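Below: the structure, in structure tokens.
The values are calculated or read from the model by the stated rules, or taken from the named source; none is laboratory data. In this text, all values refer to a predicted model and were calculated from it rather than measured experimentally. Reconstructed Cβ throughout: ideal geometry from the backbone, glycine too, with neighbour counts over all protein chains shown. Accessible surface is based on the protein model in full, side chains and every heavy atom, while ligands, DNA and RNA are left aside. Shrake-Rupley method; radii C 1.70, N 1.55, O 1.52, S 1.80 Å.
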Amino acid sequence: MSFISAREHGAKPGSGGPASTQNEAIDRRERLRRLALETIDLSKDPYFMRNHLGQYECRLCLTLHTNEGNYLAHTQGKRHQQNLAKRAAREAAEKAAAPAPQKRAPIRRTVKIGRPGYRVTKQFDPNTQQRSLLFQIEYPEVEEHAKPRHRFMSAYEQRIETADKAFQYLIFAAEPYENISFKIPNTEVDRVEGKMFTHWDPDNKVFSLQFYFARPREHAMPGMPPQLPTSAGAPMPLPVVIPPPPVVSSQHGALALTGGPAPPPGLPPPPPPGSMGILSPAGLPQTAPPLGFTSPPGGGQVFPAPPPPFLK
């Protein structure tokens, strides 16, 4: 190649001529490898891996490389960059489709100063026949603008004692005091307005809680009249004494119940229900009635004596 032809192709005088496309690509990769070795730390690359054969792999593009420089040159190439863009787009789409995580309030780590003082008062309402409890918890060193809280907890939620379904727990909490709980009967709490209320006294630092237990449902026996509530101090109502049915005598000297069918002529009447009397037919000597029984005038059946009046 002459000097003039070399100048026409852009080569300098004295050089070996213009580089081919392959030589330019090799030179470009070598320069990129040297730059990458100076600026990129392979220990932080998530896609760089060395296999058991001593070769280097790109886990994103699934390619093999003989040395670290070759891998770094690959990371600067078109294929690796396109795969990075595709992966970033896919992760962005999956992140938008996934629900946003719920933000939880941070757990406060405060130094506990001990248990608060408390008073428990048992009460009974005679009008509604309900029992109630009044809790008064003292928090003299409670945090500023803090209000105590309470919660009813089942026996199966705690891990301190053996679970007993006959009891439940009432928990009070206020920072920086320790949580305290009370073991109360596992009875339904009456949450009707006026039956359960709380009060926080910011001046005396006393938290009050009062609630009533629901009245148990009474199951009356069939055939019995309903039990009406009585006022305190009033005597219980007396049972009603039903008098025995009236008895009338027939023309044959026998006795029959009022309202029942009359016996046929010549036959004695049947004994009344529940009667323990002895039928004494005519012509036979009558025996003395047993103790507690009376004979009606004119002979006939023997009926039990009426019961004595009910004694108050």
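Just a few scattered comments:
- Segment 50-166 shape via C-alpha gyration tensor axes, a/c threshold 1.5: prolate
- Accessible area of segment 88-215 belonging to carbon and sulfur atoms, whole % at 1.4 Å probe: 50 percent
- Entries in K165/K205; K103/K205; K147/K195; K122/K147; K103/K183; K183/K205 that, when Cα-Cα distance is taken, lie over 30 Å: K165/K205; K103/K205; K103/K183
- The eigenvalues of the Cα gyration tensor, multiplied by 5 and square-rooted, give segment 38-102 an equivalent ellipsoid with semi-axes of 28, 13, 11 Å from largest to smallest.
- Subtracting the Cα-Cα distance of A146 and K44 from 0.36 nm times their residue separation leaves 31.9 nm of extension gain.
- If you take the Cα centroid of segment 90-113 and the Cα centroid of segment 189-213, the two points sit 35 Å apart.
- In range of the label at E68: residues from segment 22-47 whose backbone nitrogen is under 13 Å from the point 7 Å along Cα→Cβ: 34-45
- Shape call, segment 143-213: gyration tensor on alpha carbons, a/c limit 1.5: oblate
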